[in-house]
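Nothing in this text is a laboratory measurement; each read-out follows from the coordinates by a stated rule. Here the structure is a predicted model, which means the values were calculated and not measured. Quick reminder, even Gly has a Cβ in these numbers, built from the backbone with ideal geometry, and neighbours come from all protein chains shown.
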Amino acid sequence: MTYKPVTLASLVALKNRDLFLPHIQRPFVWEWDQVTKFLDSLMKGYPIQTFLTWKTRDPIKARRFMDDVVEDPELSDYYDKEKSQQGIEKIFVLDGQQRLQSLFSAFAGTFYGEDLYIDITTGDTEIEDGMSYNFKRSSASLQLPWFRLKQLSVDGRNSEDISDEINDRLATLLPLPSPEERTKRERRVRRNMGQLTSILREDKHIWIEELDGISSNRYPYDVVLNIFVRVNSGGTKLGAADLLFAAMKEAWADAEQDIEQVVDNLNASGKVEFEKDMILRALNLAAGLGATISPELYTGSKGDANLKTLEANWERANKAFDQLRDFIYNDLKIYSNKVIRSYNAFIPMFEYFYLNPSPTPEDKQLLKSYYYKSQLFNWYAARTNETLESIHHILAKNSSGKFPLAEIKALLASQGRLTDLTIDNLQDARLRYIVLNLIYVEQNSSSPFDVQYKGNEPHIDHIYPKSKLKTYSTQNVNHIGNYRFLGATDNIKKRAEDPGAYFTRMKSSGIPIMRHLLVKAYSDDPGLLTYHNYTDFRDKRLQEIFTICSSVVNK
């Protein structure tokens, strides 16, 4: 085994030429906030752990990294047949895929067709949740202070020359009133550009542990497979709350146990993953302590007072968490992580139950609308603490008892966020799990993810098989109007059969195909599902999907 530093630029050069992912690796699963927190750590010079690779000539399927990160990729499209062959030397990443793919897309690729930009003037102060740098994705070219990271891969100048150019342009584009402010900004730009070029070009940020299966017989495939399983199985994930419980022990002795019981209760289905950080943040907000979790809140005489307040409110809070749990499973019917973009969205719901323990059915409908808006429009992807605290103030001032959805919408709209669903929103591929789950819950009063058999969670299935729509563009095939849910075991058995024949057979067997097709004319006569009618069916089904979703979301 060798342990060596490498430059990111050298890894970019090796990507998909010598450096691959083994077929046993899962897909890229990081959410946007995980990518930005990772990049924020690099900008601050934090250690990012080592990467584990394996050099081999074994006939192992080699999967290319994505040049453009896409949602739910077809992994088979990324296999390199030539590199997968026996005798061909390649290097596989066993541990570090999420970090490397993030770096490759940031400095030499794209995320969902969009380049990654950094606000080159940030970094002096904390923005939120420990983040000090602002990042943004855009398919259009952005003006300074937004700097495109990919530019560094083609700009061979040193950081000082690039910084001087940026500072000259900023002086014209965004003039500052005083020499002191200009000097401070220029210094920050130089520091940031120096760190960015260092991340790309210097070998002090990335360390590789390489298992050499070519010059040594110590690392055959079966040994490496065992290593891979162990390094990727991970341990118990520690969050900020875990690190703060030690500070709470004396003032609130049962804090950790009480919060763990709430987490276990919320995670009762075994298919969602609430964490203690979210519970602690919710408790803080309900007590008026803000959304930031920090040691200062729980230490010293002020910290003791805060903890006594949380402990005194615990019985009431515990009941509100019970109500939240019932609402999640009985009303929203949420049984999968795949339909949750942000767990922070549940915090205002908890606060509402905390303040209003007897909501009306109408209020629950407004809560349902709020939840789907927050997930579909990703309200908590940025400025999370600020958003939570603003909504907290709305809830605290609300004396009517009615869930203040209108006020929350007005707040988010004032920040430039989307608040009402349009038919165009449904075309976002990242939303397909949320949209389909909403459709099936509204149609059948049950979640397709509420399954007992672990291997039978629903897959996304194309009503018209992709293999039969080769004359259509990918966007027109991978379309919400052509998607449905199908249990994994059924999906494995399903053949790429013509939809007319397939759904006719299903209907003859007594299976209610309307819950899948949604369009009555085609459900009444599935023989109409010909390839000539594909666009008509897809567009009419899209309209039906929008009608159902809009009735819930656009309250």
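So the values come out like this:
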| item | result |
| --- | --- |
| Which listed pairs, of Lys15/Lys333; Lys83/Lys136; Lys4/Lys136; Lys44/Lys409; Lys494/Lys540, have C-alpha distances above 30 Å, in listed order | Lys15/Lys333; Lys83/Lys136; Lys4/Lys136; Lys44/Lys409 |
| Debye, to nearest 20: dipole size of the chain, +1 on Lys, Arg Cβ, -1 on Asp, Glu Cβ | 1260 debye |
| Rh (Kirkwood; distinct C-alpha pairs) - the stretch 423-529, Å | 14.7 Å |
| Taking the stretch 110-165 and dividing mean pair separation by its residue count, relative contact order in percent (alpha carbons under 8 Å, at least six apart) | 39 percent |
| Protection proxy ranking of 116-125, 291-300 - average other beta-carbon atoms within 10 Å, highest first | 116-125, 291-300 |
| Loop-located chymotrypsin sites (Phe, Trp or Tyr not before Pro) in the stretch 412-500 whose Cβ has at most 12 other Cβ within 10 Å (DSSP) | Tyr453 |
| Between the stretch 1-69 and the stretch 495-555, the Cα center-to-center distance that results, in Å | 41 Å |
| Difference of contour (0.36 nm per residue) and Cα-Cα distance, Ala140 to Ala488 | 121.4 nm |
| When each of Lys373/Lys466; Lys271/Lys454; Lys338/Lys454 is checked by Cα-Cα distance, pairs over 19 Å | Lys373/Lys466 |
| Rg/Rh ratio calculated on Cα atoms of the stretch 1-129 (Kirkwood radius) | 0.99 |
| Segment Ala501-Asn444, extension gain: residue separation times 0.36 nm, minus the distance between their alpha carbons | 18.1 nm |
| Sequence of Val29, Val519, Val93 once ranked by neighbouring C-beta atoms within 10 Å, starting from the fewest | Val29, Val519, Val93 |
| Principal axes of the stretch 240-414: Cα extent on each, largest first, Å | 42, 35, 31 |
| Positive dipole terminus of the chain, leading residue within Gln151, Trp314, Leu517 (C-beta point charges) | Leu517 |
| Ascending count of other beta-carbon atoms within 10 Å, so fewest first, for Thr183, Thr489, Thr7 | Thr183, Thr489, Thr7 |
| Listed residue pairs exceeding 20 Å between alpha carbons, taken from Lys276/Lys319; Lys319/Lys555; Lys470/Lys507 | Lys319/Lys555; Lys470/Lys507 |
| Size of charge dipole - the stretch 425-553 - debye, nearest 20, with Cβ of Lys, Arg +1 and Asp, Glu -1, no other charges | 340 debye |
| Taking the stretch 425-553 and dividing mean pair separation by its residue count, relative contact order in percent (alpha carbons under 8 Å, at least six apart) | 26 percent |
| Within the chain, helix-based [θ] at 222 nm, where runs of 4 or more DSSP H residues each add -39,500 (n - 2.57), nearest 500 | -14000 deg cm²/dmol |
| Rg and Dmax of the chain, Cα atoms only, in Å | 26.0, 80 |
| Length-normalised contact order for the chain - Cα pairs under 8 Å, 6+ apart - percent | 11 percent |
| Highest-first arrangement of 332-338, 374-380, where packing means the average Cβ count within 10 Å | 374-380, 332-338 |
| Residue among Ile24, Gly45, Thr56 farthest towards the positive dipole end of the stretch 16-58, charges placed on Cβ | Thr56 |
